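The values are calculated or read from the model by the stated rules, or taken from the named source; none is laboratory data. What you are looking at is a predicted structure, and each value in this text was computed from that prediction instead of being measured. With ideal geometry, Cβ positions are generated from the backbone for all residues, glycine too; neighbour counts draw on all protein chains shown. With ligands, DNA and RNA removed, areas are computed over all heavy atoms of the protein, side chains included. Shrake-Rupley method; radii C 1.70, N 1.55, O 1.52, S 1.80 Å.
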Amino acid sequence: YSGCSAGGLTALLHIDYIASRLSVFSPNATFLGLSDGMFSLDRNQFNTRPGLFQRIAKWGYSAWNSSSSINEACRESHGIEDEWKCMFGEHVSMFVKTPVFIINSKFDTWQRKTILGTDCDIGVNCPKSKETFDVEYGRSMLRALERIPKDHGYFVSNCPGHCQTGARWNWNHIAIDNVKMKDAFLMWYDQQNNLGKSDNPSIQYADTGDLEPSVTSMCRRR
């Protein structure tokens with residue numbers, strides 16, 4: 001069960017429900033997910049005001065009567081006033097029981113505009129203040145990833161982009177620690193289909209550098 005952008009958020013929000021329904025008919029099946037581009041963080045934008053996505057998520061949660069389709073454990077954890085925060089990947093992913101592989105950029109081009117309100121090209125023409133703000137968002141993403149269940153895998157690079165699985169070059173060439181995106185996913189997929197998976201280390205790759213890819217990592221040249 002997978003998707004990118006809004007579909008990536010949908011994968012996180014609904015995969016446990018989908019798995020619970022399908023398991024009735026296929027109790028021995030293994031259910032897995034892939035969420036691309038929506039490990040989004042609940043942060044104010046550069047000007048310190050709530051960003052566009054924060055405002056949309058809060059309004060939409062009520063307007064669309066979304067409570068019944070949001071992860072119940074996440075809602076209970078945040079309480080009635082803040083249930084809408086479960087529309088953010090960083091919050092809901094902590095409560096998703098079905099294993100999911102997360103693909104994201106620390107400098108996601110959609111998140112930078114819609115959450116952070118920064119409209120410059122990171123590492124190219126950004127004022128120092130905005131660049132510092134972006135870097136801290138990336139660091140916060142790494143800290144948030146440390147809190148997700150160990151069965152979730154991830155591949156989080158410094159390569160600016162959004163919906164990275166939609167481009168063959170990204171899938172076949174973007175690398176972290178000399179491991180390509182597709183290979184990281186396939187390792188995780190194989191691990192999840194291995195009955196001894198609980199004894200194996202998590203398949204989790206993240207570029208810990210602040211701006212440019214680390215020496216053993218690769219992005220498409222700009």
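Descriptive notes on the structure:
- Calculated accessible area for the stretch 22-147 comes out at 49 Å² per residue, all protein chains present (probe 1.4 Å; ligands, DNA, RNA ignored).
- Pair-distance distribution P(r) for the stretch 144-190, from all Cα-Cα distances in 5 Å bins starting at 0: 4, 20, 29, 26, 17, 5, 0 percent.
- Candidates Ser157, Ser129, Ser69: whichever shows maximal mean-square fluctuation once the chain is modelled as a Gaussian network with Cα springs under 10 Å: Ser129
- FRET efficiency, 1/(1 + (r/R0)^6) with R0 30 Å, evaluated for Ser5 and Val179 via beta carbons: 0.80
- Approximating the spin labels as points 7 Å out from Cα along Cα→Cβ, the Ala63-to-Leu186 distance works out to 4.4 nm.
- Extension reserve of the Leu142-Ile56 stretch, reckoned as 0.36 nm per residue once the Cα distance is removed: 28.5 nm
- Here r is the Cβ-Cβ distance between Glu212 and Trp171 and R0 is 25 Å; the resulting FRET efficiency, rounded to 0.05, is 0.75.
- With K and R counted +1 and D and E -1, the other residues having a Cβ less than 15 Å from that of Arg168 yield a net charge of +1.
- When +1 charges are put on Lys and Arg Cβ atoms and -1 charges on Asp and Glu Cβ atoms, the dipole computed for the chain relative to its Cα centre reaches about 440 debye.
- Vicinal HN-Hα couplings computed from phi for the stretch 118-127 (Karplus, 6.51 cos²θ - 1.76 cosθ + 1.60; Hz; Gly/Pro x): 9, 10, 9, 8, 4, x, 10, 9, 8, x
- Accessible carbon and sulfur surface of the stretch 1-142 relative to its total accessible area, %, 1.4 Å: 54
- Cα centroids of the stretch 31-75 and the stretch 1-27: 17 Å apart.
- Taking amide H positions as modeled 1.01 Å from N, with prolines and chain starts lacking one, the residues under 5 Å from Val100 and 5 or more places away or on another chain are Gly33, His152, Gly153.
- Of the residues Gly117, Ala73, Met141, the one whose Cα sits farthest towards the positive end of the charge dipole of the stretch 61-143 is Met141 (charges of +1 on Lys and Arg Cβ, -1 on Asp and Glu Cβ, taken about the Cα centre).
- Computed from phi, the 3J(HN,Hα) profile of the stretch 144-159 under the Karplus parametrisation 6.51, -1.76, 1.60 (θ = phi - 60°) reads 5, 5, 5, 9, 7, x, 5, 6, 6, x, 7, 9, 10, 9, 8, 7 Hz, with x in place of Gly and Pro.
- Gained length - Ala29 relative to Val124, 0.36 nm times residue gap less alpha-carbon distance: 29.5 nm
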